[in-house]
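The values are calculated or read from the model by the stated rules, or taken from the named source; none is laboratory data. Computed from a predicted structure; not experimentally measured. Cβ placement follows ideal geometry from the backbone for every residue including glycine, while neighbour counts extend to all protein chains displayed. For accessibility, only protein heavy atoms count, side chains too; no ligands or nucleic acids. Shrake-Rupley method; radii C 1.70, N 1.55, O 1.52, S 1.80 Å.
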Amino acid sequence: HIVVHHIGMLRGLCLLAVAALAHARTAGILYEVWHARAADAMRTVRDKGGAQLTVELVLQSAGNKTLDDVYGPYGLGADIYNVQPDLGFYCLYRARPGDVAPFLPSPPLRDCLNITGTAAAHAAMLLQAGFDYAAVDVTNWPQFNYSTDRGGSTDVWVIRPTEVLFDEWIALRAQSVPTPNIVPWVCSGPGSTTWQYYLDHVYNNATRAALLQRRPSGKLAFFVPNTPNCFDAGVRAQIESNGGRNNVEVVLMWALFGKDAYDHGSWAFFSPCTTPAGAYTTSMVDVGDCNQFETVDPDGTVVEVSASGGYMVSQCALTGASPGHLRGLTLQRLFQRVLAVGAPDLFVSSFNEHIGGRQDPASGAAIAFNQGLPNDPQRRAVWVDTYASEFSRDIEPTREGGSRVWRVAAACVQLYKRGLTCAEAGDSDPCCSTVDKAIFANAWSLARASPPDHAVATTRADRDAWVARGYTEVCAAIPNPAAFCVNTSEPDGRQGPFMVYSQRDVGVPTVGLHRCRDSQGRHFLSADPACEGQQLDAVLGYGAARPGLEMLRALRRCLAPGGGWTHALDLPCTAADPSALQPLAYVR
């Protein structure tokens, strides 16, 4: 019934698709296809009667499950899904008819289930949201091969799923069902070969080439990462020549480069918010406008601008390194710039990016692990681009996270296509509404050496008042939440800043957090509105009653060296308070 529903929807979108193609503004989205091995592993777990666990579900288990429980009991090894897409653990790999060794996957791999239904559903969703094309990510596979590489060949990871996507969408178009166009985004550095396969089997295949996105020049678009390992001027010339056809235009695209690259024409597949000084920041609350950089041509005209469900300035599983979704607040702030600039090209990240690479922590701080999993055996193999439900660029609806961020993204893309800003669209538009997004507050950590005391403030004015009284802000250990001070030489980090809900009713069970004062004037945190018989100093906000989604880190009250109290985030107290052995709440 899913296929019938979405094909029916697609037929109803014919006029919208035609209008979008004719519109001066074009929107693309990063699209991942590398799920075949992971999806097959989850299929095996199901076949064996196991629970299909994701990172988010492990987090929500509050320590009752670990990442080892995802595949370990079944003797499997594969990428772990951070969340489960609404459509299930889908993938797009299908063996070519008649393939024999060495062209078959090694180890063996089954064809993915319900490929036609998945491809039709994705086409419908992307077109309905206003996306003109999907950019298929091939940035990690410069060499085309069939041999075992990263658990499977380049062919299995990206080439064959891309071909299947082309062929499925071609079949839909043959039924008069519109689909988005496609652009491969291929690592094309010195000595690379994958780009040549795409030219031979997609760009020079008349049937598949009909789905390729064209640039305003009329040439076929070909995206290349603007990095030393993935870009070579000679390879670019070969791609654009395409064997003398001269029908391809290379667009350079990457992220987390300096403003100079934007000023020299490089596109961004995501671009972080910036501080007034031009530094990247992950702070979204109680800070100035986002003002991400945009790409300009040699005349200084803005030609491309990007937005994303979230992003990272370090490894996204580390606290503070990613703003997360914030119920669409991150998207909304990024789209303020998108809508104001009105560039002819918009690029959004991302779709079906639910697995990804892992690395050793980039920070040496004690809290540098997969946040929310301080005791997990895999805690220090941290995710780089996407983590759990919240800390991800991805905007696709998921079982754990719902469709809120997708609805915000779709509304924002539609405003961009119509040339409207939020001042014109009004607060009722999902892209522009604030009542559903302005529910978070920063929590500054403050300390005084003599007499020793620790306090938490959740407004900037209150924070400034404490500093004026001789308290020092305790900095974040991991860059770059610019609402707080950041000290990357901090060896621990558990007493640092955090975020809370600013209101009680947010759709999940919450716990009030109170700043209390004892008879000696020392401050402590409590979940008790009566402050456990001491004096209430302030209601700071609300934490989640259990871990998951937006609030992953346990907040504990601890005994402080020299007397009084402090707090610990994620890690246990160095000196536990016997009267508060359990977490007060879960915070961000």
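Hey, any hits in region 230-243 for a residue that's surrounded by fewer than 21 Cβ atoms within 10 Å (Cβ to Cβ) and under 27 Å from the mean Cα position of the chain (by Cα)?
Checked against the condition, which is being surrounded by fewer than 21 Cβ atoms within 10 Å (Cβ to Cβ) and under 27 Å from the mean Cα position of the chain (by Cα), region 230-243 yields at least one hit.
Please enumerate the residues belonging to region 575-585 that are touching a residue at least 60 places away in the same chain (Cβ under 8 Å) and either open to solvent by 60 Å² or more (accessible area, probe 1.4 Å) or outside any loop (DSSP other than H, G, I, E, B) (or both).
ALA585
Quick one: in region 96-121, which of the residues that are of a type outside the set (A, V, I, L, M), in a loop (DSSP other than H, G, I, E, B) and crowded, with 19+ Cβ neighbours inside 10 Å is modelled with the lowest pLDDT?
If we take residues in region 96-121 being of a type outside the set (A, V, I, L, M), in a loop (DSSP other than H, G, I, E, B) and crowded, with 19+ Cβ neighbours inside 10 Å, then PRO105 is modelled with the lowest pLDDT.
Is one or more of the residues making up region 247-260 of a type in the set (Lys, Arg) and either surrounded by 15 or more Cβ atoms within 10 Å (Cβ to Cβ) or closer than 24 Å to TYR146 by Cβ (or both)?
No: zero hits.
Restricting to region 516-534, name every residue that is open to solvent by 60 Å² or more (accessible area, probe 1.4 Å), out of contact with any Ser or Thr (no Cβ under 7 Å at 6 or more places or on another chain) and not in a loop (DSSP other than H, G, I, E, B).
Within region 516-534, ARG517, GLY533 meet the criteria.
So, of the residues in region 381-406 that are in contact with a Cys (Cβ under 8 Å, 6 or more places away or on another chain) and not in a strand (DSSP E or B), which turns out to be surrounded by the most Cβ atoms within 10 Å (Cβ to Cβ)?
ASP385
Among (1) at pLDDT below 95; (2) touching a Cys at 6+ places or on another chain (Cβ under 6 Å), where does GLY258 come up short?
(2)
How many residues are open to solvent by 30 Å² or more (accessible area, probe 1.4 Å), assigned to a helix (DSSP H, G or I) and not small (Gly, Ala, Ser) when one looks only at region 453-486?
Final tally of qualifying residues: 5.
Hey, among GLY356, GLY310, which residue is in a loop (DSSP other than H, G, I, E, B), open to solvent by less than 20 Å² (accessible area, probe 1.4 Å) and in contact with a Gly (Cβ under 8 Å, 6 or more places away or on another chain)?
So the residue among GLY356, GLY310 that is in a loop (DSSP other than H, G, I, E, B), open to solvent by less than 20 Å² (accessible area, probe 1.4 Å) and in contact with a Gly (Cβ under 8 Å, 6 or more places away or on another chain) is GLY310.
Taking region 260-307, which residues are part of a loop (DSSP other than H, G, I, E, B), free of Cβ contacts under 8 Å to residues at least 12 places away in the same chain and not aliphatic (A, V, I, L, M)?
HIS264, ASP299, GLY300, THR301
List pairs: first residue in region 449-466 and in contact (Cβ under 8 Å) with a residue 40 or more places away in the chain, second residue open to solvent by 40 Å² or more (accessible area, probe 1.4 Å) and of a type in the set (Phe, Trp, Tyr) anywhere in the structure, Cβ distance under 9 angstrom, at least six positions apart or on different chains.
Cβ pairs passing all conditions: ASP453/TRP565; HIS454/TRP565.
Any residue at all in region 369-388 that is more than 23 Å from VAL70 (Cβ to Cβ) and not acidic (Asp, Glu)?
Scanning region 369-388, I find no residue that is more than 23 Å from VAL70 (Cβ to Cβ) and not acidic (Asp, Glu), so the answer is no.
For region 496-515, which residues satisfy the criterion of being outside any loop (DSSP other than H, G, I, E, B) and either closer than 25 Å to GLU473 by Cβ or at pLDDT below 95 (or both)?
Passing the criteria: PHE498, MET499, VAL500, TYR501, VAL511, GLY512, LEU513, HIS514, ARG515.
Out of (1) modelled with pLDDT of 95 or more; (2) surrounded by fewer than 21 Cβ atoms within 10 Å (Cβ to Cβ), the odd one out for GLY562 is which?
(1)
Scan (1) at pLDDT 95 or above; (2) open to solvent by 20 Å² or more (accessible area, probe 1.4 Å) for the single condition THR295 breaks and write down its number.
(2)
Condition check: outside any loop (DSSP other than H, G, I, E, B) and either among the acidic types (Asp, Glu) or modelled with pLDDT of 95 or more (or both). Does ALA438 satisfy that?
no
State all residues of region 340-350 that are crowded, with 24+ Cβ neighbours inside 10 Å and among the aliphatic types (A, V, I, L, M); if no residue qualifies, say none.
Matches in region 340-350: LEU346, VAL348.
Is one or more of the residues making up region 272-280 at pLDDT 95 or above, open to solvent by less than 20 Å² (accessible area, probe 1.4 Å) and of a type outside the set (Val, Ile, Thr)?
Yes: region 272-280 contains one or more residues that are at pLDDT 95 or above, open to solvent by less than 20 Å² (accessible area, probe 1.4 Å) and of a type outside the set (Val, Ile, Thr).
Working only within region 240-250, note down all residues that are in contact with a helix residue (DSSP H, G or I) (Cβ under 6 Å, 6 or more places away or on another chain) and outside any loop (DSSP other than H, G, I, E, B).
Within region 240-250, VAL248, VAL250 meet the criteria.
Listed here are the residues, each with its yes/no results for (1) surrounded by 23 or more Cβ atoms within 10 Å (Cβ to Cβ); (2) polar (S, T, N, Q).
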position: LEU30; (1), (2): yes, no
position: ALA36; (1), (2): yes, no
position: THR44; (1), (2): no, yes
position: VAL55; (1), (2): yes, no
position: GLY63; (1), (2): no, no
position: ASP69; (1), (2): no, no
position: GLY72; (1), (2): no, no
position: LEU76; (1), (2): no, no
position: LEU87; (1), (2): no, no
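So which residues in region 359-368 are open to solvent by less than 40 Å² (accessible area, probe 1.4 Å) and in contact with a Leu (Cβ under 8 Å, 6 or more places away or on another chain)?
PRO361, SER363, ALA366, ILE367, ALA368
Within the group ASP232, ASP200, ASP167, which residue is over 17 Å from VAL136 (Cβ atoms) and among the acidic types (Asp, Glu)?
ASP232
Which of the residues that make up region 487-507 are open to solvent by 60 Å² or more (accessible area, probe 1.4 Å), over 25 Å from the mean Cα position of the chain (by Cα) and either among the small types (Gly, Ala, Ser) or farther than 21 Å from THR459 by Cα (or both)?
SER489, PRO491
Would you be able to tell me the number of residues in region 442-452 that are of a type outside the set (Ser, Thr, Tyr) and crowded, with 20+ Cβ neighbours inside 10 Å?
Summing the residues that are of a type outside the set (Ser, Thr, Tyr) and crowded, with 20+ Cβ neighbours inside 10 Å in region 442-452 gives 4.
Which ones in region 21-53 are assigned to a loop (DSSP other than H, G, I, E, B) and under 19 Å from the mean Cα position of the chain (by Cα)?
Selection gives GLU32, VAL33, TRP34, HIS35.
Which condition number does VAL83 fail, the rest of (1) over 27 Å from VAL382 (Cβ atoms); (2) crowded, with 20+ Cβ neighbours inside 10 Å being met?
Failed condition: (1).
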